[in-house]
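Take a look at the structure below.
The values are calculated or read from the model by the stated rules, or taken from the named source; none is laboratory data. All values derive from a computational prediction rather than experimental measurement. Note: ideal-geometry Cβ built from the backbone for every residue, glycine included; neighbour counts use all protein chains shown. Ligands, DNA and RNA are stripped out before the accessible areas are found, and what is left, the full protein with its side chains, is counted by its heavy atoms. Shrake-Rupley method; radii C 1.70, N 1.55, O 1.52, S 1.80 Å.
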Amino acid sequence: MTTPVFKRILLKLSGEALAANQGFGVESARIHEIAAEISEVQKLGVQIAIVVGGGNFFRGVAEQAKDMDRVSADHMGMLATVINALALQDALEKQGILTRVMTAIEMHEVAEPYIRRRAIRHLEKGRIVVFAAGTSNPYFSTDTAATLRGLEIKAEVVAKATRVDGVYDKDPLTNPDAVRYTEISFSDVLARNLKVMDASAVAMCRDNRMPMVVFNLNVRGNIMRMAMGEPIGTLIH
């Protein structure tokens, strides 16, 4: 096996990825499949930090929150990410990988508070770090949290694992003639209003020269292929 091209990765997982086909909650078999893939990459010496969403339980901008105060709804969404982070921690530790959950909202009985230097030290010691509760601020998505944490820990790439195999000129789930980009610039993503990530997350990556890879999580082995630098999905740079 060749050597991974990245030494430190920020992996962004959606909450929906953990729910798989059941649509809500955490699907046991799927989360263990994801954990097994992540552990294979980590065992090659790659330092992995993860930001996980909460859309499988609650999303602040979802239909279910339309009559709620946005700040309250976003805080509920942040707590949903903590549930997912704890589930992912359990699955990873069953793979024999020491894992720490760090939350932007302090809850000492459940997880560590997010401290940048401590997170980096965990990675250097070979632990996986799962960042939960977003940035702790409403109006900011977990996409933005992923970019922010990736920059703070000096990751070499932000890898967004999603249900499509890259960035398209229009939604491939509803437009069968959609065209996938193999590479695209951050400025083009913003100019064409491509909905790969929140505009704030894309602009932050652009301004700080942080490359991003968008790839399909549902293809077995894609996390390893991404870490190896194989041309999967879409590279945004």
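Has the stretch 144-157 got at least one residue that is polar (S, T, N, Q) and open to solvent by 60 Å² or more (accessible area, probe 1.4 Å)? Within the stretch 144-157, none of the residues are polar (S, T, N, Q) and open to solvent by 60 Å² or more (accessible area, probe 1.4 Å). When D90, D143 are screened for being under 22 Å from K7 (Cα atoms) and of a type in the set (D, E), only D143 passes. Looking at the stretch 81-101, is at least one residue in contact with a Pro (Cβ under 8 Å, 6 or more places away or on another chain) and either polar (S, T, N, Q) or surrounded by fewer than 20 Cβ atoms within 10 Å (Cβ to Cβ) (or both)? No - not one qualifying residue is present in the stretch 81-101. Among residues of the stretch 115-136 that are surrounded by fewer than 20 Cβ atoms within 10 Å (Cβ to Cβ), those with a Cβ under 8 angstrom from a residue that is polar (S, T, N, Q) and part of a strand (DSSP E or B), sequence gap 6+ or separate chain, pair up as E124/Q47; G126/Q47; R127/T99. For the structure I just gave you, tell me whether F140 is aromatic (F, W, Y), open to solvent by 80 Å² or more (accessible area, probe 1.4 Å), under 27 Å from I34 (Cα atoms) and touching a residue at least 40 places away in the same chain (Cβ under 8 Å). Judged against the criteria, F140 is a match.
Being surrounded by 15 or more Cβ atoms within 10 Å (Cβ to Cβ) and modelled with pLDDT under 95 is true for just one of A191, A161. Which residue is that? So the residue among A191, A161 that is surrounded by 15 or more Cβ atoms within 10 Å (Cβ to Cβ) and modelled with pLDDT under 95 is A161. Has the stretch 11-24 got at least one residue that is farther than 25 Å from E106 by Cβ and either buried (at least 23 other Cβ atoms within 10 Å of the Cβ) or touching a Leu at 6+ places or on another chain (Cβ under 8 Å) (or both)? For the stretch 11-24, residues farther than 25 Å from E106 by Cβ and either buried (at least 23 other Cβ atoms within 10 Å of the Cβ) or touching a Leu at 6+ places or on another chain (Cβ under 8 Å) (or both): present. All conditions in (1) over 15 Å from T144 (Cα atoms); (2) touching a helix residue (DSSP H, G or I) at 6+ places or on another chain (Cβ under 8 Å); (3) touching a residue at least 40 places away in the same chain (Cβ under 8 Å) hold for V52, with the sole exception of (1). Residue-level analysis places A199 among those that are open to solvent by 10 Å² or more (accessible area, probe 1.4 Å) and either under 22 Å from A145 (Cβ atoms) or modelled with pLDDT of 95 or more (or both).
Within the stretch 202-237, the set of residues being free of Cβ contacts under 8 Å to residues at least 60 places away in the same chain and charged (D, E, K, R) comprises R206, D207, R209, R225, E230.
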